[in-house]
1. List the pairs whose first member sits in region 233-261 and is farther than 18 Å from residue 41 by Cα and free of Cβ contacts under 8 Å to residues at least 60 places away in the same chain, whose second member is surrounded by 19 or more Cβ atoms within 10 Å (Cβ to Cβ) and not acidic (Asp, Glu), and whose Cβ atoms are under 6 Å apart, counting only residues at least 6 apart or on separate chains?
2. Hey, among 215, 219, 263, which residue is crowded, with 17+ Cβ neighbours inside 10 Å, in contact with a helix residue (DSSP H, G or I) (Cβ under 7 Å, 6 or more places away or on another chain) and modelled with pLDDT of 85 or more?
3. What number of residues within region 10-24 are touching a residue at least 40 places away in the same chain (Cβ under 8 Å) and closer than 12 Å to residue 279 by Cα?
4. Restricting the first residue to region 83-100 and requiring it to be surrounded by 24 or more Cβ atoms within 10 Å (Cβ to Cβ), which pairs with a second residue that is at pLDDT below 80 and charged (D, E, K, R) meet a Cβ separation below 7 Å and a spacing of at least six or different chains?
5. Identify the residue in region 60-79 that is part of a helix (DSSP H, G or I) and of a type in the set (Val, Ile, Thr) and, among all such residues, is surrounded by the fewest Cβ atoms within 10 Å (Cβ to Cβ).
6. Looking at 234, 327, which one is modelled with pLDDT under 80, basic (Lys, Arg) and under 25 Å from residue 15 (Cα atoms)?
7. Among 122, 77, which is modelled with pLDDT of 85 or more, within 16 Å of the chain's Cα centre (by Cα) and more than 26 Å from residue 255 (Cβ to Cβ)?
8. Kindly indicate the residue of region 181-197 that is modelled with pLDDT under 70 and assigned to a helix (DSSP H, G or I) and also surrounded by the most Cβ atoms within 10 Å (Cβ to Cβ) among those meeting that condition.
Amino acid sequence: MSVKRWIFAIASFVAAIGVSLYIVLSSWPKQHAAVSMGVAAHGVLLCIALSELLARGAKVWLSAIAMRIPMSYRLALRASAGGDFGAAITPNKSGAEPARYLIMTEDGMKPAQILLVIYAELFLEMISLAVVAVVLYILFHNAGSTLIGVISAVGLYALFVLGTGAIGWFLSEKYGTTGPAPKWARRFKLHGARWRKVQRALATLRTAISGVRHMRLGMTALALLASILHIGLRIAILPAIVYSLGETHVPLAPLVLWPVALMWGSAVSPLPGGGGAIEVGFKASLGHAIPATIFGAALVWWRFYTFYLFILLGALAAGGTVLRAMREDDTSNADAEEDAEIAKA
């Protein structure tokens, strides 16, 4: 990464930590003792978090097996952890897929195989999100219109992505070959070299979707179960924190539903690590549900076991590879800018 990107990422993380501290201090009741969590509770939370990472690795590994692509579980786990690290230090989590791509490339996988695995993993993520949204809707249908709206939004997000994929498939079938740009594309100035780039992207998409269509059913079902398991484990972390702090009377619905919106909604944040937006959203959505006596501890430990822990694990597993990917991206951008300047001259 360039110096500017590092400064931007560091500033975003400082803002996130600063917002956390402000929320903790401002919400702490006066004349109330500090809240501590037992070692056993941390052990349970660590097991949940690690199991969630293992489930994500299993999803990637089983997706590869379903498409008859040779891939080790160790590589799938390393790619998942490295993707977490790449996503954390880039805006909109844009570094996740390039990081996974480079990790798999350095292990000897072919580019076409990597694209198939990545697309299958994203496809299964959307399917599992839709399934989880339906299950949560059934379980918490009496939780109130606001919380039901959260589940509906997540379900619609998953369906939107799947619908976008379907549109992409239609376009790739019709335009993902050689030939001139159609009239509608020329209206958007997509002609010549630009249209050829679109055609190459559509051809790649068609290949990826074709691979997903020919996945082995049994392994695909196992990969989908692993994906659903990883989502379930991740949303179980906040209830485990709150109840381990002794507040067993807190309703389960908000502790399960709001984190779904916060964690998967953070993908649209332009700031690495959310820049404090996740913490503000946590306060706004759960400030009334979690007692003030434990609210600060719940926020801090929830962010640690759903975000900061995975940054550390990703840095240990594949931090060097991810940073190399970021540097190569900066180098390619710099080369493109230099070529543009030469062309202008």
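The values are calculated or read from the model by the stated rules, or taken from the named source; none is laboratory data. The structure displayed is predicted, hence computed values, not measured ones. All Cβ positions, glycine included, derive from the backbone under ideal geometry; neighbour counts span all protein chains shown.
1. 259/235; 259/238
2. 219
3. So the answer is 8.
4. 87/93
5. Across region 60-79, the extreme among qualifying residues is 65.
6. It is 327.
7. Details: 122 fails: modelled with pLDDT of 85 or more.
After ruling out the rest, the residue left standing is 77.
8. 195
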